[in-house]
Amino acid sequence: MNNLGLYLAAVLIWGSTWLAITFQFGKVPPEVSVAYRFALASALLFLWCGARGLRLTYSWREHAWMALQGALLFGLNYVWVYLAEGQISSGLVAVAFSVIVFLNIFGTRVFFKTPIKSATLVGAVLGVGGVALVFLPEIGNGAHRGSPLLGLAFAIGSTISASLGNIVAARNQRQGLPVIQLNTFGMMYGAAFVGLYAFAAGRPFVLDGSLGYLLSLGYLALFGSVLAFGAYLTLVGRIGADRAGYTGAAIPIVALLLSTAFEGLRWHPYTVLGIALCVGGNILVLRRRKPQ
């Protein structure tokens, strides 16, 4: 799949997971749902690796880096996303998460000495500004389910954790670790990390047998975890975490469209302007680099 295909796959799938996550709320604690999700995703990937005969033996040092990636990208990140959506609307969480664009650019500059290109910065500003405009009516109405400050704190925390996970993933790929095996072990370690935390915190490991919960769990594990992360981390390896992270600014647009179709979200003039800015930012960031 080319870079545009990988980008669209990540954006379209993850854009739909904001809606799918809402079906996870109920009697199962958010931390336990995250552990279930990535344990299932890891099991599917182990089956795939076994069927394809992919290498599954690595040194303890390589496992340590894969565990760090899993704890940051599949553990803390998603626990805080689920907790944030329990407090505030998914639109506000999406706006906060779009800050990953700037965090990834800053992170790759600090850790990999990657130069910050003006087109990338301008595109990021346009994209994040566009996302903010899309959700401005919701922000102005103060739509939330609990404490807005706590929800925003969880959302910002998840964004920081995801950005650091992106940096570790980029480092791992630069060391020659393949994406599929990285995700296989990373999701296993992420699920174990969250599961241990949930056990220590006294969260009950119950299972919601409702159709909505089970279907959303399967969708989040297979599509939202296995396929989307496979596409996204392949993109990170090809174009860098800074440019790949721009998916964080485009994903909320998909979430907006789904919310319109299934939740009756009303459109405003800010919505149209915001989408135009986001598309403009996409063009700037994703256009082909000139040969050096």
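I'm checking my understanding of the structure. Among residues of the range 96-124 that are part of a helix (DSSP H, G or I) and of a type in the set (Ser, Thr, Tyr), which one is nearest to Ile275 (Cα to Cα)? Before the answer, list the steps.
Narrowing the range 96-124 to residues part of a helix (DSSP H, G or I): 96-97, 100-112, 118-124.
Narrowing further to those that are of a type in the set (Ser, Thr, Tyr): 108, 118, 120.
Numbers: Thr108: 27, Ser118: 21, Thr120: 18 Å.
Filtering the range 96-124 for residues that are part of a helix (DSSP H, G or I) and of a type in the set (Ser, Thr, Tyr), the one nearest to Ile275 (Cα to Cα) comes out as Thr120.
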Ala71 passes all but one of (1) part of a helix (DSSP H, G or I); (2) modelled with pLDDT of 95 or more; (3) open to solvent by 50 Å² or more (accessible area, probe 1.4 Å); which number fails?
(3)
The condition from (1) outside any helix (DSSP H, G or I); (2) within 27 Å of Gly26 (Cα to Cα); (3) free of Cβ contacts under 8 Å to residues at least 24 places away in the same chain that Leu207 misses is numbered (3)
In the range 80-95, what residues are in a helix (DSSP H, G or I) and either over 14 Å from Gln24 (Cα atoms) or open to solvent by 10 Å² or more (accessible area, probe 1.4 Å) (or both)?
Trp80, Leu83, Ser90, Gly91, Leu92, Val93, Ala94, Val95
Filter result (in a helix (DSSP H, G or I) and either more than 25 Å from Ser89 (Cα to Cα) or at pLDDT below 80 (or both)) within the range 263-280:
Glu263, Val279, Gly280
The residue from Phe185, Phe154 that alone is at pLDDT below 95 and either surrounded by 21 or more Cβ atoms within 10 Å (Cβ to Cβ) or farther than 23 Å from Thr247 by Cα (or both) is Phe154
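The values are calculated or read from the model by the stated rules, or taken from the named source; none is laboratory data. Computed from a predicted structure; not experimentally measured. Backbone-built Cβ (ideal geometry, glycine too); neighbour counts: all protein chains shown. Accessible surface is based on the protein model in full, side chains and every heavy atom, while ligands, DNA and RNA are left aside. Shrake-Rupley method; radii C 1.70, N 1.55, O 1.52, S 1.80 Å.
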